Ligand SMILES: Cc1cc2nc3c(=O)[nH]c(=O)nc-3n(C[C@H](O)[C@H](O)[C@H](O)COP(=O)(O)O)c2cc1C
Ligand code: SF4
Ligand code: SF4
Ligand code: FES
């Protein structure tokens, strides 16, 4: 059994209430930080822990905090990104629903570290129940004197507000989130300036994912070094993975980073294998934006090493044969799934969610969707596959925010690894409408490539 | 003693230039001028916050700066990237840039109706120029194009959303020149549309400027609608004593008639000064204006095609009776314009 830091008490009845959470040792980190540590000590601990952002990019949290500008007389803000809308990812929602005080506690400690007296939790608009839960948790914490004016008599003031989003995926991009929080249209900003210098209302701001902030609690309780002992290399600590697709036991799992991907899929402790005795065909390891992998690149990397659930190992092989940890949305595809259809489906999502500011993403996502629809419905040509490749290439890297890349990568990876499935749709237009391509050769072992 | 001004040295396509710190790559290129200036469809120097959206101005930074010579990993929007000392930039000398730009042009055109033959902007449309200069021949797009209904924004301005490239310039005009913003963007992605809230007419002295900043034929002057092709009209700079704006405009003549009035545009299509609606829509007689001289027109522009070069007849004509006779008609026209 792996260690659980965030979900240790998840099965405790009433853990979503302040009293039970407190009984189980909750808010110790607030007491410890506010009473015995300076804000810089907290930042230092987080740096030592090696915690990397859980929102998708995996940027070291401690480093991000130390970049925060601290001009005199200007307020600083901590904004928690609870917009979670990436297809396949549902871990933040789980945390906010079942153990909301873990987030509130993390918010207090993190705000203290950053010197913020007002902090926001921006929650995706569709998650109204979670918004209510968080608001109730805040009220309870306030009533207990752990939030508000002069917390625990230390002279530190903090207010936390929950802001419902409008329900747009793009508002999860940190600068779009800030625009939306300011009451404007959620268009990503052009960077620089970065939020650390000019964020919310032009003030220095840190935006962190729900899980990143909650992870600060065990880091402060046990110390950064303890936290860093879990995991491998620069992938430290535990991580929530939301497993979905054709697995026996879909759900949210807390893993120690470093668990082999194979174990995560097949062990009964986690996904319990592929549902209905089917065979594994493909994996999207970190939410819809990351490159999809065929079965033969999942358990082992191209060099024949076991693939592990770490930032480095998942990315091993780069775009050619690797993928990314992303936001931890682990989507498993069995042999009955059509990769073309899935790629079309993802692209439909990005088309729908593009904010429309920059030309390549605005126009290109819609174009890709139409071409993919054509191929999936047996009306495509081989030239369409090449066209698709070219369109994604014209989007990638040429846009304001990473949504353009996120739309391009899944298409690129699907064509890279599953090109013959695309061609089969083109060459067998009728057959492709009545059955799926199946597993084909995608699980055949591939020859390891020498470095 | 004057303080020593620090200047950054930048090289664009091999041509060095010294600029003030804080200058963008695009503006540094404009200081050099000529073919190495990246095309800019959304940036507008007179409107704060514009740029970064259309991606036509992408360039490659092959050397970051003297201090940190590493190249930038991606192409950058030159209109929103400031220069560093010693930076080296490639625009038309980089095949990557040329190709990416081709891609952007293609993207801008896939949903465009290509209705230039019935568009009042034709001839002074930045998208036409862009397509001609940086695009590919033909299109690979075979699907139905997105369409919208035409919208009247008040009685003087018409919005053809089909032609819009979502550069946001008009939104910035509404934000920065008018008191209340009623003009913005609805929806998102390729179904975004410029809109004035529930078709509410934007009623403001300066709102007519949305016509001038629009690089395409999406926002056009209804008083000029279908009156003429721009290349049959003759632009003349003029001014008047206007209580609201600087009153410096370009009058567009067809014969004796002023068909429309616009702000004066520079070589990048940007107006020098925004003008008010009275100057634009209400004062359309030569007698309202003091004429200055024919507007200088880029020699490659179709507007220059049937053009006289100088307002004042060249002095040789003044001095030569025979030439004066031969140019009677032109001189008469010139007189009229005075
Ligand atoms: C299109 C897009 C959507 C995003 N959505 C989310 C999201 O829903 N939740 C999130 O935490 N981060 C999201 N991110 C990442 C954020 O921009 C940002 O990197 C993150 O919140 C930083 O937090 P972290 O450092 O704790 O990971 C998104 C990024 C992009 C480009
Ligand atoms: S990449 Fe897409 S989502 Fe991001 S700013 Fe550009 S249009 Fe908007
Ligand atoms: S209407 Fe014209 S100015 Fe406004 S966004 Fe569209 S193209 Fe730009
Ligand atoms: S002019 Fe630079 S992105 Fe449009």
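Where a number appears in this text, it was derived from the coordinates with a stated rule and is not lab data. Source: prediction; values computed, not measured. Positions of Cβ are generated from backbone atoms using ideal geometry, with glycine treated the same way; all protein chains shown enter the neighbour counts.
Couple of notes before you dig in:
- For the stretch A:3-44 versus the stretch A:85-137, the gap between their alpha-carbon centres in whole angstrom: 14 Å
- For the pair the stretch A:303-367 / the stretch A:227-277, the C-alpha centres are spaced 19 Å from each other.
- Here residue A:222 and residue A:390 are evaluated by their C-beta separation; at R0 = 35 Å the FRET efficiency comes out at 0.10.
- Extension gain, residue A:182 back to residue A:67 (0.36 nm per residue minus Cα-Cα distance, nm): 39.2 nm
- Ranked list, fewest to most other Cβ atoms within 10 Å of each Cβ, for B:42, B:276: B:276, B:42
- Relative to the longest principal axis of the Cα atoms of chain A, helix A:339-353 runs at roughly 50 degrees.
- Mean sequence separation of contacting Cα pairs (under 8 Å, at least six apart), scaled by the length of chain A, corresponds to a relative contact order of 16 percent.
- Taking the DSSP bridge list for chain A and keeping only pairs wholly inside it, about 50 percent are antiparallel.
- Rounded, prolate or oblate (a/c below 1.5 giving rounded, otherwise prolate when a/b exceeds b/c) for the stretch A:55-198 by Cα gyration tensor: oblate
- Most mobile of B:55, B:240, B:145 in a GNM of chain B (Cα contacts under 10 Å): B:145
- Among B:325, B:219, B:186, the largest mean-square fluctuation in a Gaussian network model of chain B, built with springs joining Cα atoms closer than 10 Å, belongs to B:325.
- Modelled spin-label separation between residue A:57 and residue B:118, with each label point placed 7 Å from Cα along the Cα-to-Cβ direction: 4.7 nm.
- The stretch A:213-237 residues near the modelled residue A:152 label - backbone nitrogen below 17 Å, point 7 Å along Cα→Cβ: A:214-224
- Among beta bridges that DSSP assigns inside the protein assembly as shown, antiparallel share in %, nearest 5: 70 percent
- Shown for B:170, B:279, A:338, A:203: other C-beta atoms within 10 Å of each C-beta, ranked fewest to most, produce the order A:203, A:338, B:279, B:170.
- Modelled label positions at residue A:435 and residue B:6, each set 7 Å beyond Cα in the direction of Cβ, lie 7.1 nm from each other.
- Ranking of A:235, B:62 by count of other Cβ atoms within 10 Å, fewest first: B:62, A:235
- Alpha carbon centroid spacing (whole Å) that separates the stretch A:155-201 from the stretch B:110-186: 30 Å
- Gain on full stretching of the segment that runs from residue A:4 to residue A:19 - 0.36 nm per residue minus C-alpha separation: 3.3 nm
- Residue B:290 versus residue B:227: modelled label distance in nm, points set 7 Å from Cα along the beta carbon direction: 2.4 nm
- Cβ neighbours within 10 Å from other chains - mean over B:133-143: 2
- For a label point 7 Å along the Cα-to-beta-carbon line of residue B:74, residues of the stretch A:374-411 with backbone N under 18 Å: A:390-411
- Helix-derived mean residue ellipticity, 222 nm - over chain B, DSSP H n ≥ 4, -39500 (n - 2.57), to 500: -5500 deg cm²/dmol
- Cα gyration tensor shape for the stretch B:8-108, rounded if a/c is under 1.5, else prolate or oblate: oblate
- Potential lengthening of the chain between residue A:320 and residue A:229 amounts to 29.7 nm, from the contour at 0.36 nm per residue minus the alpha-carbon distance.
- Counting only DSSP beta bridges whose two residues both lie in the stretch A:18-229, roughly 10 percent are antiparallel.
- Averaging the sequence gap over all C-alpha pairs within less than 8 Å and six or more residues apart, then dividing by the number of residues, gives the stretch A:217-264 a relative contact order of 29 percent.
- Fluctuation leader among B:183, B:285, B:160 - chain B, Gaussian network, Cα springs under 10 angstrom: B:285
- Over the stretch A:339-434, relative contact order from alpha-carbon pairs under 8 Å, at least 6 apart, %: 34 percent
- In terms of the mean number of neighbouring beta-carbon atoms within 10 Å, the peptides A:278-285, A:82-89, A:190-197 order highest first as A:82-89, A:278-285, A:190-197.
- Helical mean residue ellipticity (222 nm; -39500 (n - 2.57) per DSSP H run of 4+; nearest 500) of chain A: -12500 deg cm²/dmol
- If R0 is taken as 60 Å, the Cβ-Cβ distance between residue B:324 and residue B:96 corresponds to a FRET efficiency of 0.55.
- Whether the protein assembly as shown is rounded, prolate or oblate, judged on the alpha carbon gyration tensor where a/c under 1.5 counts as rounded: prolate
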